[in-house]
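Undergrad: Dropping a structure here in structure tokens format, bear with me for questions.
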Amino acid sequence: MTVRHSTNATLPISYLFVPGNRPERFSKAVEAGPDAIILDLEDAVHPNSKAVARASIWAWQQSTPETASQRYIRLNSVGSSLFRQDMTWLGDMRYPERCAGIFLPKAECPESLSRVVERLLEWNPELQIVAIIETAKGLHQVEAIAAIPGLARLAFGSLDFSLDIDCSQIPEAFLFARNRIVLASRIAGLPAPIDGVTPAISDMALVERDSRYARSLGFGAKLCIHPSQIATVQKAYLPNARQLAWADRVLNAVAGGSYAVQVDGEMVDLPLIEQAQRLRDMASQYALVANADAC
């Protein structure tokens, strides 16, 4: 399966973090081929380097009009003094249209977040604003957070969540949180949420397993911390050649107007027909090309 990278109008599947104080990595991150990069001002940047990170992002935004990957910025947590500094810095930045979106970490208070979203959209009305659910308080308020007008998507900060509730970083410990984030997104009419990072940067089998597991729960994208993870994540979240071939057989079988047919020895009715169409629509949206050796 060949994946032609999404355009700026396509919802990202792979989001790659880049520390904001490492400007030498910005263009390299784009060249790695993620759907989006996240220029980070929060966890990846030491408190003593926040000012350097802001200056580096500012300079790169000024000098780089367009990139193949969408550009996001992760600010510091809402309510902190660092966040107030971030907002002042952001308001002074030229070319707001070069920033596709903002990630808001430690999302907990719907009222505070709502005011922040409103201010950010005044700065750039096209901004895609993502709230990261990564604490027990955030999960407790996730439905209200998802319903904030102007919010574009939810993400799961699994590592911080495990720290907050002192649980193991295993699928069973995160299942309730993941399910609730998926359901909150669906109820609010948001796109499928973004799953958290997999710390492994050399074990692609683990990255693939984590990606397929989260996809099976209803997530539609994943945060990445290393370029080596991107291709594996993209492949796991997009339909493969076998799934697309099944979708074609289903859609061909119902072309005559029937909503109850047999395909591959199984009964297919409307929900599966709609699933087949969804797979085909995704293939079209992300310009998937099925190679003969893909499966």
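Each value in this text was obtained by applying a stated rule to the coordinates, not by laboratory testing. A quick note: this is a predicted structure, and the numbers were derived from the prediction, not measured. All Cβ positions, even for glycine, are placed from backbone atoms using ideal geometry, and neighbour counts span all protein chains on display.
Undergrad: Mind ordering 80-91, 207-218 by average Cβ neighbours within 10 Å, highest first?
TA: Numbers: 80-91: 15.7, 207-218: 18.6.
Put in order of decreasing packing, that is 207-218, 80-91.
Undergrad: All other residues with a Cβ under 14 Å from the Cβ of GLN243 taken together, and with Lys, Arg as +1 and Asp, Glu as -1, what is their net charge?
TA: Numbers: positive: ARG212, ARG215, LYS235, ARG242, ARG249, ARG278, ARG280; negative: ASP248, ASP264, ASP281.
So the surrounding residues net to +4.
Undergrad: Here is a follow-up. Which percentage, to the nearest 5, of the DSSP beta bridges contained in the chain is antiparallel? Don't skip to the end; give the middle numbers.
TA: Numbers: 5 of 33 bridges.
Counting DSSP beta bridges with both partners in the chain, the antiparallel share is about 15 percent.
Undergrad: Related question: How do 11-22, 60-71, 96-107 rank on mean C-beta neighbours within 10 Å, highest first? Display every interim value, and only then the final one.
TA: Numbers: 11-22: 24.2, 60-71: 15.7, 96-107: 21.5.
The peptides rank, most packed first, as 11-22, 96-107, 60-71.
Undergrad: Taking only the alpha carbons of the chain, what extent do you get along each of the three principal axes, in Å, biggest first?
TA: Its Cα atoms span 63, 39, 38 Å along the three principal axes.
Undergrad: Past 23 Å, Cα to Cα: identify those pairs from LYS106/LYS222; LYS137/LYS235; LYS28/LYS106; LYS50/LYS235, in the order given.
TA: Values: LYS106/LYS222 17 Å; LYS137/LYS235 33 Å; LYS28/LYS106 28 Å; LYS50/LYS235 34 Å.
The answer is LYS137/LYS235; LYS28/LYS106; LYS50/LYS235.
Undergrad: Using just the alpha carbons, could you tell me how many Å³ per residue the convex hull of the stretch 162-235 encloses?
TA: Numbers: hull volume 6.9 nm³, N = 74.
Hull volume over Cα atoms, normalised by residue count, gives 93 Å³.
Undergrad: Counting other Cβ atoms within 10 Å of each Cβ, which chymotrypsin sites (Phe, Trp or Tyr not before Pro) in the stretch 215-295 have at most 15 and sit in a DSSP loop?
TA: Numbers: sites: PHE219, TYR237, TRP246, TYR259, TYR286; in loops: PHE219, TYR259, TYR286.
Taking the stretch 215-295 and a limit of 15 other Cβ atoms within 10 Å, the loop chymotrypsin sites (Phe, Trp or Tyr not before Pro) found are TYR259.
Undergrad: Next question, about the same structure. Counting residues in the stretch 13-140 as N, plug N into 2.2 N^0.38 Å and put the Cα Rg over that result. Mind dumping the intermediate values first?
TA: Numbers: Rg = 13.8 Å, N = 128, 2.2 N^0.38 = 13.9 Å.
After normalising by residue count via 2.2 N^0.38 Å, the value is 0.99.
Undergrad: May I ask you to list, by number, the DSSP H helices of the chain whose Cα span along the axis is at least 15 Å and whose average Kyte-Doolittle hydropathy reaches 1.0 or more?
TA: none
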